[in-house]
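Note sheet for the following structure.
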Amino acid sequence: MAQSCPHCAAPLPDTWDAFCGSCRNPLPETEAAQPTGAANVVMEPGATQPAEPHTDNPTARFWQTLTEITPRPTVTRVLVAINLVIFGLMGASGLSLNQPSPAELLKWGANFGPNTLNGEWWRALTCMFVHIGILHILMNMWVLSATGLLVERMLGNAGFLVAYLVSGLGGSLASLWLNPGVVSAGASGAVFGIYGALLGLLQRQRTSIPPAALTGLKNSGLGFLAYNVFFGLTQPNIDLAAHAGGFVTGFLCGLVLSRPFTPAGVAARPTRNFVTGFGGFVVITVGLTLLSVAPPKIVLIDRELERCEELDKRARHFIRTGHERLSRGDLDGKAFAETIERSLLPEWREARTRLAALRGTSSHDDAHLTLVLDYMQLCEEGWTLYAEAVRTGDDRKAQEAANKHKLADALVDKIRTN
């Protein structure tokens, strides 16, 4: 009679490994040691029932030990549920389930250098639960379910949660450092961290794990890493920085959290969990602080563009109200010209100089900056001519100033769409 997995009820073949091929949960020792059709069931002399099966399978005993030290891998299932619920809420709000826009993702907490490093640090965490389309979340949740249940049994519930969150934050930090101008979201950094933690743990516990299980686990982890590196290098819009940061962080977590699969090892878990969680929090906080103090160029560009936009609004309001007062006779032309030259133009030139110094981040940023700088140059020339016109009453210079500002206004639409 065919048997089924006690965890997910999936049918088991006549011979199977020490863990279920569907849910990856370890099978009970006696089942793994005695597949259907096995011939090593013995009868004691005079006995009416078969004797206990002989189990000499160290791999089966290893999986049984994991089940005993961490009976319920609930954290993995809760994380999957949270991600699915949040994605459902995103869809219910009207967000596209196939290709949400960067603006929509930012509303839900995606990671983006100019925002995250400008006071919205919480995005480094929330981005781990925001996904860019249904295929993105299905792939991440499938991988998390397939591997998370195993790694959670090896690290314990709390240790697994620490490794997951710290790895995800490590991925976010790497993304902010290397790809600050990209809107980044998804659990990929944390999932890579789980594989990193698995390999780190296997490195520390290689003598405690049966050779057959150790080889299989290492091949699985390295295979996942190789495939995703290849996939990331050949596909666009893949945040390799977050993947690499999550993996390296997870590997370090695995080294620290690793303890023997014994009662003494289980008793030492809380201390290791605290050290890893607190240490990871401190390192990531320091990293975010350093990036905020000395941010990547794209972040500086975004901040400088905001300052220029605000300065532009103030300058236009100043010129408009001054012109109205000048027309009414409430303001002397010479005094108004001196105010433009003494107050408006120096600040405008400084802003343009700071922005020009930030060229070189990428071709896209340079194209946008060139348009903005051209706009600022035309405005500066126009205001200079206007100041001379109101001082001297020269209508020709006033017309030249108006022409400069018409050219500047024509660049506004290009700047908004670039």
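Scanning segment 108-146 for residues that are open to solvent by 10 Å² or more (accessible area, probe 1.4 Å), of a type outside the set (A, V, I, L, M), in contact (Cβ under 8 Å) with a residue 12 or more places away in the chain and not in a loop (DSSP other than H, G, I, E, B) yields a count of 6. For segment 389-404, indicate whether the set of residues that are crowded, with 18+ Cβ neighbours inside 10 Å, under 17 Å from Leu311 (Cβ atoms), in contact with a helix residue (DSSP H, G or I) (Cβ under 6 Å, 6 or more places away or on another chain) and not polar (S, T, N, Q) is non-empty. The answer is no, given that none of the residues of segment 389-404 is crowded, with 18+ Cβ neighbours inside 10 Å, under 17 Å from Leu311 (Cβ atoms), in contact with a helix residue (DSSP H, G or I) (Cβ under 6 Å, 6 or more places away or on another chain) and not polar (S, T, N, Q).
If a residue has to be buried (at least 24 other Cβ atoms within 10 Å of the Cβ) and either farther than 28 Å from Gly94 by Cβ or of a type in the set (Ser, Thr, Tyr) (or both) to count, how many in segment 175-186 make the cut? So the count comes out to 4. In summary, Met154 fulfils each of the numbered conditions (1) hydrophobic (A, V, I, L, M, F, W, C); (2) over 27 Å from Gly287 (Cβ atoms); (3) surrounded by fewer than 24 Cβ atoms within 10 Å (Cβ to Cβ) with the single exception of condition (3). Which pairs do you get when a residue that is in contact (Cβ under 8 Å) with a residue 60 or more places away in the chain, found in segment 388-404, comes within reach of a residue that is in a helix (DSSP H, G or I) and of a type in the set (Val, Ile, Thr), reach meaning Cβ atoms under 9 angstrom, with the pair 6+ apart or on two chains? Close Cβ pairs (under 9 Å, with a partner that is in a helix (DSSP H, G or I) and of a type in the set (Val, Ile, Thr)) amount to Val390/Ile340.
Within segment 87-107, the set of residues being under 30 Å from Ile298 (Cα atoms), part of a helix (DSSP H, G or I) and open to solvent by less than 40 Å² (accessible area, probe 1.4 Å) comprises Phe87, Met90, Leu105, Leu106. Every listed requirement among (1) modelled with pLDDT under 90; (2) open to solvent by 60 Å² or more (accessible area, probe 1.4 Å); (3) closer than 25 Å to Ser208 by Cβ is met by Leu161 save one, (1).
The values are calculated or read from the model by the stated rules, or taken from the named source; none is laboratory data. The model shown is predicted, which means the values in this text are computed figures rather than measured ones. Cβ sites come from the backbone with ideal geometry, for glycine too, and all protein chains shown count toward neighbours. Only protein heavy atoms, including side chains, enter the accessible area calculation; ligands, DNA and RNA are left aside. Shrake-Rupley method; radii C 1.70, N 1.55, O 1.52, S 1.80 Å.
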